Amino acid sequence: MSLPLERVQPEGWPRPRGYSNGFRVPAGRDLVLTAGVVGWDADETMADGFVAQFEQALRNVLAVVTAAGGSAHDLVRLTIYVVDREEYLGCLPALGDAWKRTVGRHYPAMALVQVAGLVEPGARLEMEGTAAVVPSAGASG
């Protein structure tokens with residue numbers, strides 16, 4: 001049995017809502033790093049709207065983590081790049097619902113960055129994630 005991931009919460013800091021300040025990854029876990037992914041499906045059809053793109057991009061990050069033998073609860077870091085911060089803020093309740101449908105109540109360390117644009121036409125956001133996955137016997141990359 002592997003050691004569980006340990007949330008890092010500096011003493012005296014307020015408890016974050018919807019994210020974690022950090023994680024300590026115990027020895028024996030493999031770090032899985034995703035590329036930046038957008039909100040399109042396997043056919044590269046972009047989801048319609050910010051919330052739909054967010055949920056699909058999150059599913060895409062988790063697809064990489066799952067392919068490496070992990071799960072949503074192994075996600076320790078997520079960076080979200082948005083082209084419009086106000087659009088993101090205007091969708092927070094719906095984004096929270098999408099998060100809970102996709103990940104549940106596990107909240108990795110997160111950062112949000114507003115960017116001038118993204119490479120893929122129509123993309124409103126892009127995500128990249130880091131997971132700490134317990135290696136399975138016989139797993140290979």
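The values are calculated or read from the model by the stated rules, or taken from the named source; none is laboratory data. Fair warning: this is a prediction, and the values are worked out from it, not measured in the lab. So basically every Cβ, Gly included, is an ideal-geometry build from the backbone, and we count neighbours across all protein chains shown.
Per this entry, Arg59 is not counted among residues that are at negative phi and surrounded by fewer than 16 Cβ atoms within 10 Å (Cβ to Cβ). Reported count of residues in the stretch 2-45, each being at pLDDT 95 or above, aliphatic (A, V, I, L, M) and buried (at least 18 other Cβ atoms within 10 Å of the Cβ), is 3. Within the stretch 34-50, residues that are within 22 Å of Glu87 (Cβ to Cβ) reach partners that are of a type in the set (Lys, Arg) with beta carbons closer than 7 Å, at six or more positions or on different chains, in the pairs Phe50/Arg124.
Of all residues in the stretch 66-82, exactly one satisfies the criterion of being out of contact with any strand residue (DSSP E or B) (no Cβ under 7 Å at 6 or more places or on another chain) and assigned to a loop (DSSP other than H, G, I, E, B), namely Ser71.
Set side by side, the residues Val134, Val76, Val115, Val119 differ, and just one is of a type in the set (A, V, I, L, M), modelled with pLDDT of 95 or more and surrounded by 14 or more Cβ atoms within 10 Å (Cβ to Cβ), which is Val76.
Any residue at all in the stretch 82-101 that's of a type in the set (Ser, Thr, Tyr) and farther than 13 Å from Gly18 by Cβ? Working first, answer last.
From the stretch 82-101, those of a type in the set (Ser, Thr, Tyr) are 88; that's our starting set.
Imposing the further condition that a residue be farther than 13 Å from Gly18 by Cβ reduces the set to none.
Taking every residue of the stretch 82-101 in turn, none turns out to be of a type in the set (Ser, Thr, Tyr) and farther than 13 Å from Gly18 by Cβ.
Suppose we keep only residues that are within 15 Å of Phe50 (Cα to Cα) and touching a residue at least 40 places away in the same chain (Cβ under 8 Å) within the stretch 91-105. Which one would you say is nearest to the chain's Cα centre (by Cα)? So, considering only residues that are within 15 Å of Phe50 (Cα to Cα) and touching a residue at least 40 places away in the same chain (Cβ under 8 Å), the one nearest to the chain's Cα centre (by Cα) is Trp99.
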